[in-house]
Amino acid sequence: MGRGPIKRQTLAVLRQRGVPVQTVIDVGVLTGTPELLATYPDRPHLLFEPVAEFAPAIAQAYRNTPHQLVQAAVSDSDGDVHLRVASILGGGQISHSYMADEDPEATRVVPKLTLDAYLAAHPAPGPYFLKVDIDGDELKVLRGATETLKQTSIVMMEVIRYEFAQRVGYLLEHGFVLYDLTEPAYYDHSFWQCDAVYVRADLHAAHFKTLDQNLDRRLYEVFDGS
């Protein structure tokens, strides 16, 4: 099978190439991130998930992996925040949660923190793999993680089409290179979202070649779905 936009394959290449990761920070873990568990089973996972109902499933999914669950929302400031939970799956199963300072549809109030403040108080060994998927407020997480990003080697973040340039551009401005766009999702046959994976620029240069470095046509691949 050739190289393709498949998340497990994307992460496996990063591990095989030796891009350093000492701690996985997973913001918006829901019930677990199986691709990160499969790629980094021997690294501690620091998990942030404000929806308390997911805690039993998280404990089960990470039972064989060193981890810590922090039941709080991550944003660009510390305090409390209204949280609205919703389901797009039917049957009442929670699938999404949204932060709002004041929201008449909010069902609960939860603690809110920044990654910089949390890690200052609870240090974790770097470099970090930082994954962010919180249904719309991903940039707030990054804005509260300026110091954390300095110790981060890889970022994986959900990007939606109407915020694609903004989210990609933010990390490019902070010293990262776009490494891959994985598992694109479509709505009515039109691109809607995907996960973008970034590698810190100096590490990308150390572990990967680029087209302007003595072009080797054998390294150029076009994904054809096979």
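Can you name the residue in the range 159-198 that is hydroxyl-bearing (Ser, Thr, Tyr) and outside any strand (DSSP E or B) and is also nearest to Phe48 (Cα to Cα) among such residues?
Tyr170
Of the residues that make up the range 136-158, is at least one part of a loop (DSSP other than H, G, I, E, B), under 15 Å from the mean Cα position of the chain (by Cα) and modelled with pLDDT under 95?
Within the range 136-158 (the criterion being part of a loop (DSSP other than H, G, I, E, B), under 15 Å from the mean Cα position of the chain (by Cα) and modelled with pLDDT under 95), the answer is yes, since at least one residue qualifies.
Restricting to the range 1-54, and then to whatever is at pLDDT below 95 and hydrophobic (A, V, I, L, M, F, W, C), can you tell me which residue is surrounded by the fewest Cβ atoms within 10 Å (Cβ to Cβ)?
Filtering first and then ranking leaves Met1.
Condition (residue is under 27 Å from Val81 (Cβ atoms) and of a type in the set (D, E, K, R)) applied to the range 168-191: is it met by at least one residue?
There is at least one residue in the range 168-191 that is under 27 Å from Val81 (Cβ atoms) and of a type in the set (D, E, K, R).
Tell me which residues, restricted to the range 164-208, are charged (D, E, K, R) and more than 22 Å from Phe129 (Cβ to Cβ).
Residue satisfying the conditions is Asp188 alone.
Tell me, which helices (runs of 4 or more DSSP H) wholly within the range 1-78 include 1 or more residues that are over 17 Å from Phe129 (Cβ atoms) and more than 17 Å from the chain's Cα centre (by Cα)?
55-61
Between Asp224, Asp212, Asp202, which is more than 15 Å from the chain's Cα centre (by Cα), over 16 Å from Leu11 (Cβ atoms), of a type outside the set (A, V, I, L, M) and at pLDDT 90 or above?
Sole residue among the options that is more than 15 Å from the chain's Cα centre (by Cα), over 16 Å from Leu11 (Cβ atoms), of a type outside the set (A, V, I, L, M) and at pLDDT 90 or above: Asp202.
Return only the number of the condition from (1) modelled with pLDDT of 90 or more; (2) small (Gly, Ala, Ser); (3) in contact with a His (Cβ under 8 Å, 6 or more places away or on another chain) that Ala106 does not satisfy.
Only one criterion in (1) modelled with pLDDT of 90 or more; (2) small (Gly, Ala, Ser); (3) in contact with a His (Cβ under 8 Å, 6 or more places away or on another chain) is unmet by Ala106, namely (1).
Going residue by residue through the range 138-155, is there one that turns out to be under 20 Å from Arg3 (Cα atoms) and out of contact with any helix residue (DSSP H, G or I) (no Cβ under 8 Å at 6 or more places or on another chain)?
Within the range 138-155, none of the residues are under 20 Å from Arg3 (Cα atoms) and out of contact with any helix residue (DSSP H, G or I) (no Cβ under 8 Å at 6 or more places or on another chain).
Residues are listed down the side, and each one gets a yes or a no for (1) in contact (Cβ under 8 Å) with a residue 40 or more places away in the chain; (2) of a type in the set (S, T, N, Q); (3) closer than 20 Å to Ser77 by Cα; (4) in contact with a Ser or Thr (Cβ under 9 Å, 6 or more places away or on another chain):
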residue: Asp133; (1), (2), (3), (4): yes, no, yes, yes
residue: Asp137; (1), (2), (3), (4): yes, no, yes, yes
residue: Arg143; (1), (2), (3), (4): yes, no, yes, yes
residue: Ser153; (1), (2), (3), (4): yes, yes, no, no
residue: Met157; (1), (2), (3), (4): yes, no, yes, no
residue: Glu163; (1), (2), (3), (4): no, no, no, no
residue: Arg167; (1), (2), (3), (4): no, no, yes, no
residue: Gly175; (1), (2), (3), (4): no, no, no, no
residue: Phe191; (1), (2), (3), (4): no, no, no, no
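The conditions are (1) crowded, with 23+ Cβ neighbours inside 10 Å; (2) without any contact (Cβ under 8 Å) to a residue 24 or more places away in the chain, and His122 fails exactly one of them. Which is it?
Here His122 meets the rest and fails (1).
The values are calculated or read from the model by the stated rules, or taken from the named source; none is laboratory data. The shown structure was predicted, so the numbers you read here are calculated from the model rather than taken from an experiment. For neighbour counting, all protein chains shown are included, and Cβ atoms are generated from backbone atoms with ideal geometry for every residue, glycine included.
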